[in-house]
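This report concerns only the one structure given below.
The values are calculated or read from the model by the stated rules, or taken from the named source; none is laboratory data. A quick note: this is a predicted structure, and the numbers were derived from the prediction, not measured. Here the Cβ is made from the backbone with ideal geometry for all residues, glycine too, and neighbour counts use every protein chain on show.
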Amino acid sequence: MDEQLRLKLKDVIKTSLENYIRNWSSSSYHPLDTLIPTERKIRSIVGGLETSMGTRVWEPIAKVLASNNGFEILAGKLKRPSPMPPLLQAKLDYLITARESKATWVNRTEVIRELKETVSSISDEDRASIEYVAPASGSGVDVFLKKDDKYYAFDTKTVQPNVGDIKKFNKQILEWYAYAIFREPNVDFSGQIVYPYNPWNTDFWDKDIHKNGALKPKEDALVEDEFWDFVSGLNDTFRQIMGIFEELEGEGLGDELSKLIKTI
């Protein structure tokens, strides 16, 4: 990673974390606010930051890396057709359910083939009345890229998902394929869930939750450098990102953030 890119990432990380804490506010009340108000506040701030790392830290880092690697960062959202054509909705529902069971699971290639086949059967007359609207909150794309006429959609997620989460992630990316293919049947499109880091000292994909899930490792979902090296075009990208976090700690950012929390 060259020095200019490293400094840009460093600024993105520092600014994102500082802005979150400076702008934090809460109007809710918890009984523990009466007993341990300081500890409760700290827990609320840090917990909120942990859950919003995707949009506040990982997403801007990914966009900086992707831009540096020749990707076009698409500002617009991947929109869904409205109303959803009944034929397409029925096929989508079928594929979502099929991928939730090992006995009926189908791979990404088959998903794309079946969606394209369904879209081709929808008449031009029916398509003419369709509008395109933003998807439901929480089901959109975090990072939307284009390179060499191919579109890439990513959404960062919790690194410790449960079975219910993985089913939701499966539904989300299949919806993306349906939306993209309906709008442009010949589109070259890839949608993937991103786990930004591996919290374990063992192979992330060896966990039982990923062996029985609807998402195929390294195809439907990526972890750590399976994603970071792709968007950056570099090697060992996550280690270099963590090196920036360590550098910021050495420069006193941790103490600065702690002091900011105490002033709230």
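Considering each of Asn68, Asn23 in turn, give the residue that is free of Cβ contacts under 8 Å to residues at least 24 places away in the same chain and either surrounded by 15 or more Cβ atoms within 10 Å (Cβ to Cβ) or more than 21 Å from Ser232 (Cα to Cα) (or both).
Every option except Asn23 fails the conditions.
Testing Gly70 on (1) modelled with pLDDT under 90; (2) on the phi > 0 side of the Ramachandran plot, one condition comes back false. Which one is that?
All conditions are met except number (1).
Kindly indicate which of Ser44, Ser52 is under 21 Å from Phe245 (Cα atoms) and either touching a helix residue (DSSP H, G or I) at 6+ places or on another chain (Cβ under 8 Å) or not basic (Lys, Arg) (or both).
Exactly one of Ser44, Ser52 is under 21 Å from Phe245 (Cα atoms) and either touching a helix residue (DSSP H, G or I) at 6+ places or on another chain (Cβ under 8 Å) or not basic (Lys, Arg) (or both), namely Ser52.
Answer yes if at least one residue in the stretch 29-46 is assigned to a loop (DSSP other than H, G, I, E, B), touching a residue at least 24 places away in the same chain (Cβ under 8 Å), out of contact with any Cys (no Cβ under 9 Å at 6 or more places or on another chain) and surrounded by 13 or more Cβ atoms within 10 Å (Cβ to Cβ), and no otherwise.
no
Only residues that are among the aromatic types (Phe, Trp, Tyr) and in a loop (DSSP other than H, G, I, E, B): list them for the stretch 179-217, please.
If the condition is that a residue be among the aromatic types (Phe, Trp, Tyr) and in a loop (DSSP other than H, G, I, E, B), then Tyr197, Trp200 are the ones that fit.
Can you find even one residue in the stretch 223-237 that is over 21 Å from the mean Cα position of the chain (by Cα), of a type in the set (Gly, Ala, Ser) and outside any loop (DSSP other than H, G, I, E, B)?
Looking through the stretch 223-237, none of the residues is over 21 Å from the mean Cα position of the chain (by Cα), of a type in the set (Gly, Ala, Ser) and outside any loop (DSSP other than H, G, I, E, B).
Just checking, does the stretch 243-258 include any residue being outside any helix (DSSP H, G or I) and either surrounded by fewer than 19 Cβ atoms within 10 Å (Cβ to Cβ) or among the charged types (D, E, K, R) (or both)?
So far as the stretch 243-258 goes, yes, one or more of its residues are outside any helix (DSSP H, G or I) and either surrounded by fewer than 19 Cβ atoms within 10 Å (Cβ to Cβ) or among the charged types (D, E, K, R) (or both).
Please identify the pairs in which a residue from the stretch 75-95 that is of a type in the set (Lys, Arg) has its Cβ atom under 9 Å from the Cβ atom of a residue that is assigned to a strand (DSSP E or B), counting only partners at least 6 apart or on another chain.
Pairs found: Lys77/Phe144; Lys79/Glu131; Lys79/Tyr132; Lys79/Val133; Arg80/Tyr132; Arg80/Val133.
Count, please, the residues in the stretch 158-216 that happen to be acidic (Asp, Glu) and closer than 27 Å to Leu115 by Cα.
Qualifying residue count, the stretch 158-216: 4.
In this structure, is Gly70 under 26 Å from Leu253 (Cα atoms) and of a type in the set (Gly, Ala, Ser)?
Criteria not met by Gly70.
Please indicate, with yes or no, whether at least one residue in the stretch 172-191 is touching a residue at least 40 places away in the same chain (Cβ under 8 Å), more than 22 Å from Val133 (Cα to Cα) and under 18 Å from the mean Cα position of the chain (by Cα).
No, the stretch 172-191 contains no residue that is touching a residue at least 40 places away in the same chain (Cβ under 8 Å), more than 22 Å from Val133 (Cα to Cα) and under 18 Å from the mean Cα position of the chain (by Cα).
Would you confirm whether any residue within the stretch 228-239 is surrounded by fewer than 17 Cβ atoms within 10 Å (Cβ to Cβ), free of Cβ contacts under 8 Å to residues at least 40 places away in the same chain and of a type in the set (Gly, Ala, Ser)?
no
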